[in-house]
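Shown next, in structure tokens, is the structure this report addresses.
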Amino acid sequence: MAESTPRPPDATSPLVLSTRELPRGAGEMREVTRTAPAPAGLGLPLIGVPEGAELELELRMESVSEGVFVSGTVTAPLRGECARCLQEISDTVTVHIGELFAYPGSTTDETADSDEVRRLQDELADLEPVIRDAIVLELPSSPLCSPDCAGLCAQCGQPLAELPADHSHETADPRWSALAGLKDKLGDS
Ligand SMILES: [Zn+2]
Ligand SMILES: [Zn+2]
């Protein structure tokens, strides 16, 4: 692994949980409810959580033999753009997380690769990568303003939903089609 000693998480970040108050011992549990500003780049190119928007964390930390299990929900506002008609989308996403942070020196710590399991560092659990993975997994790569969005008119680029049902760019004038019919007749005879 390239990073043998990763930097400890920033204890002042609201997305870093301190487990110092949590006694070691199976069954010990603490609930954590807090809001935290969203970090930058939380999402996909077409939809994501705006930087600084409020993430609502409703979590619990549980002591298990190998470490601390953090689980619960994170709710965040979403802003995006419809992949078909480019209109702005506002939505909310709620993701469930459940992640073991292994104690340094635990069997899990010593037997799992560094990219397989997360670890407590200085008794801190960094939730940012966990929340990022959960939210990105939940987001559609092609978000739609509505499931049946008709998209844009291929000719003029206007959203079809805002155009009349008979919107068309064909210059079909009945007089011209009558003439065309006459021409066909003359050509036949
Ligand atoms: Zn749309
Ligand atoms: Zn058009």
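The values are calculated or read from the model by the stated rules, or taken from the named source; none is laboratory data. All figures in this text were calculated on a predicted structure; none of them were measured in a lab. Quick reminder, even Gly has a Cβ in these numbers, built from the backbone with ideal geometry, and neighbours come from all protein chains shown.
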Report summary line: Considering segment 152-170, residues that are touching a Leu at 6+ places or on another chain (Cβ under 8 Å) and among the aliphatic types (A, V, I, L, M), and then whichever is surrounded by the most Cβ atoms within 10 Å (Cβ to Cβ), we arrive at Leu152
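Matching residues to (1) more than 16 Å from ligand 1 (Cβ to nearest atom); (2) more than 22 Å from Leu46 (Cα to Cα); (3) not assigned by TED's automatic domain parsing to the domain that holds Val49:
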site: Tyr103; (1), (2), (3): yes, yes, no
site: Asp109; (1), (2), (3): yes, yes, no
site: Leu120; (1), (2), (3): yes, yes, no
site: Asp126; (1), (2), (3): yes, yes, no
site: Ala134; (1), (2), (3): yes, no, no
site: Cys145; (1), (2), (3): no, no, yes
Requested in this report: Name the residue, out of Glu116, Glu110, Glu138, that is modelled with pLDDT of 95 or more and either surrounded by fewer than 18 Cβ atoms within 10 Å (Cβ to Cβ) or among the β-branched types (Val, Ile, Thr) (or both).
Outcome: Glu138
Report task. Examine segment 64-79 for a residue that is in contact with a Pro (Cβ under 8 Å, 6 or more places away or on another chain), closer than 21 Å to Asp133 by Cα and in a loop (DSSP other than H, G, I, E, B), and state whether such a residue exists. Result -> no
Query raised in the report: Which residues, taken from segment 83-111, are of a type in the set (A, V, I, L, M, F, W, C) and within 20 Å of Glu128 (Cβ to Cβ)?
Result: Val93, Val95, Ile97, Leu100, Phe101, Ala102
Query raised in the report: Among the candidates Gly41, Gly80, which residue alone is touching a Gly at 6+ places or on another chain (Cβ under 8 Å), in the same structural domain as Glu123 (by TED's automatic domain parsing) and at positive phi?
Result: Gly41
Query - Residue list for segment 150-161, filter: within 13 Å of ligand 1 (Cβ to nearest atom) and either of a type in the set (A, V, I, L, M, F, W, C) or modelled with pLDDT under 90 (or both) - result: Ala150, Leu152, Cys153, Leu160, Ala161
Report task. Take the residues in segment 88-134 that are without any contact (Cβ under 8 Å) to a residue 12 or more places away in the chain and in a loop (DSSP other than H, G, I, E, B), then tell me which one is farthest from Gly72 (Cα to Cα). Result -> Gly105
Requested in this report: Could you tell me which residue of segment 135-173 is nearest to the chain's Cα centre (by Cα), considering only residues that are part of a loop (DSSP other than H, G, I, E, B) and acidic (Asp, Glu)?
Outcome: Asp148
